[in-house]
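Take a look at the structure set out below.
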Amino acid sequence: MAESKQTIKKESNENPDSEVDFFCPVGYTIDIISRKWTLYIIRELNGKSKFFNEILKALNWGLTPKILSARLKDLLKEDIVKKEVVVGNPPRVRYSLTQRGDEFVKCFGSIEKWSRKWNILKQK
């Protein structure tokens, strides 16, 4: 997952040609959630745990196993999702949100409120 870093020119009299890295927390968050299907996957795991095939079935309007696997890998790396191996034959993996993921979901209400207020698709 690409980090939202950008290099900018330092504005100081010391060395005006030097560059510094600038980290944008909002940009970083948008980098995480802007990948196709990511928000839907997080929504499916909100308050519950699900097996891979349950997520796939719930998002059956175009999500492929390959994309789901890639997005879950990204979310695991970002510590938004955790996995638990369930013993069986064959063993299965159950996914759920981490504490970080749970806290992240809490901001969805504000985003939804803003979107409903300003959404260009709302009735005129």
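What follows draws every value from the coordinates through simple rules; no lab data is involved. This is a predicted model, so every value here is computed, not measured. Cβ placement follows ideal geometry from the backbone for every residue including glycine, while neighbour counts extend to all protein chains displayed.
For a footprinting-style exposure proxy, rank Ile42, Ile33, Ile111, Ile80 by other Cβ within 10 Å, fewest first. Before the final figure, lay out each step's value.
Values: Ile42 20, Ile33 15, Ile111 11, Ile80 24.
So the ranking, lowest neighbour count to highest, is Ile111, Ile33, Ile42, Ile80.
Please work out the FRET efficiency for the pair Phe22 and Leu76, using the Cβ-Cβ distance as r and a Förster radius of 35 Å; give the result to the nearest 0.05.
It comes to 0.80.
Cut-off is 10 Å between beta-carbons; in what order do Ser34, Ser115 appear when sorted fewest neighbours first? Provide the component values of the computation, followed by the final result.
On the way: Ser34 10, Ser115 13.
Ranking Ser34, Ser115 by Cβ neighbours within 10 Å, fewest first, gives Ser34, Ser115.
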